[in-house]
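Here the structure comes first, spelled out in structure tokens, and everything after it is commentary.
The values are calculated or read from the model by the stated rules, or taken from the named source; none is laboratory data. Note that the structure is a prediction, hence the values are computed from the model and not measured. Here Cβ is always computed from backbone atoms with ideal geometry, including for glycine, and neighbour counts include all displayed protein chains.
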Amino acid sequence: MVIPNNNQQNNFALAAEKTKKIISEIFSKNVNEISEETSFISDLHAKSIDIIALLAALEGEFKIKIPSQEVQGNQTVGQAIAYIESKLFKN
């Protein structure tokens, strides 16, 4: 098990914060209403067009490519954050 150092922990926190901010903007919610348990479908009522906009925003912000087949596994905000962190911090 790798224990992240303080810099890595700060990077994880920053990635989570940015992700929640983008999600809140796409779904017109206050960022304080977005938690890691928030469901894209049942809580945010995500439609296909919302997911496309979210993917574009996340790919642009984090300079990563998110294959469409991998999107379906991310049902909650927390899962999306963990996915983004896995792409950003592949160590």
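What residue, of 70, 33, 17, is of a type in the set (Asp, Glu) and at pLDDT below 95?
Step by step, each of 70, 33, 17 is checked, and only 70 is of a type in the set (Asp, Glu) and at pLDDT below 95.
Is it fair to say residue 29 is surrounded by 14 or more Cβ atoms within 10 Å (Cβ to Cβ) and either out of contact with any helix residue (DSSP H, G or I) (no Cβ under 7 Å at 6 or more places or on another chain) or without any contact (Cβ under 8 Å) to a residue 24 or more places away in the chain (or both)? Step through it out loud before you land on a result.
On the way: surrounded by 14 or more Cβ atoms within 10 Å (Cβ to Cβ): yes; either out of contact with any helix residue (DSSP H, G or I) (no Cβ under 7 Å at 6 or more places or on another chain) or without any contact (Cβ under 8 Å) to a residue 24 or more places away in the chain (or both): yes.
Criteria met by residue 29.
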